[in-house]
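To keep things clear, I will list the structure first and then write my remarks on it.
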Amino acid sequence: MLALTRKRGDSIIIGDNIEVIVLGIQGEQVKLGIVAPREISVHRKEIYEQIKFENEQAAGSSSINFKNLFE
């Protein structure tokens with residue numbers, strides 16, 4: 001893991017086309033701005049995990065038992 005110290009208005013660059021900007025700091029909360037191409041999804045971790053879980057559930061419930069189709 002890379003740990004960085006940034007101030008309000010500072011940013012970091014990820015790859016060639018993602019920028020993370022520190023917009024503000026209030027107490028223990030940091031407000032971040034993220035500039036990324038539209039084709040790159042950006043989610044809070046808890047939302048990403050929920051989407052992943054729901055996708056796994058949907059894939060599991062619609063699976064077909066191909067073995068029984070040909071018997």
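What about Ile51, is it part of a helix (DSSP H, G or I) and either β-branched (Val, Ile, Thr) or at pLDDT below 85 (or both)? Spelling it out, Ile51 is indeed part of a helix (DSSP H, G or I) and either β-branched (Val, Ile, Thr) or at pLDDT below 85 (or both). The set of residues in the range 1-39 that are touching a residue at least 12 places away in the same chain (Cβ under 8 Å), part of a loop (DSSP other than H, G, I, E, B), on the phi < 0 side of the Ramachandran plot and touching a strand residue (DSSP E or B) at 6+ places or on another chain (Cβ under 7 Å) comprises Arg6, Lys7, Arg8, Asp10, Ala36.
The rows are residues; the columns are (1) at pLDDT 95 or above; (2) within 14 Å of the chain's Cα centre (by Cα).
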| site | (1), (2) |
| --- | --- |
| Leu2 | no, no |
| Gly15 | yes, no |
| Gly24 | yes, no |
| Ile34 | yes, yes |
| Arg38 | yes, yes |
| Glu46 | yes, yes |
| Asn55 | no, no |
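The values are calculated or read from the model by the stated rules, or taken from the named source; none is laboratory data. On a predicted model such as this, the values are computed, not experimentally measured, just so you know. Positions of Cβ are backbone-derived with ideal geometry, glycine not excepted, and every protein chain shown enters the neighbour counts.
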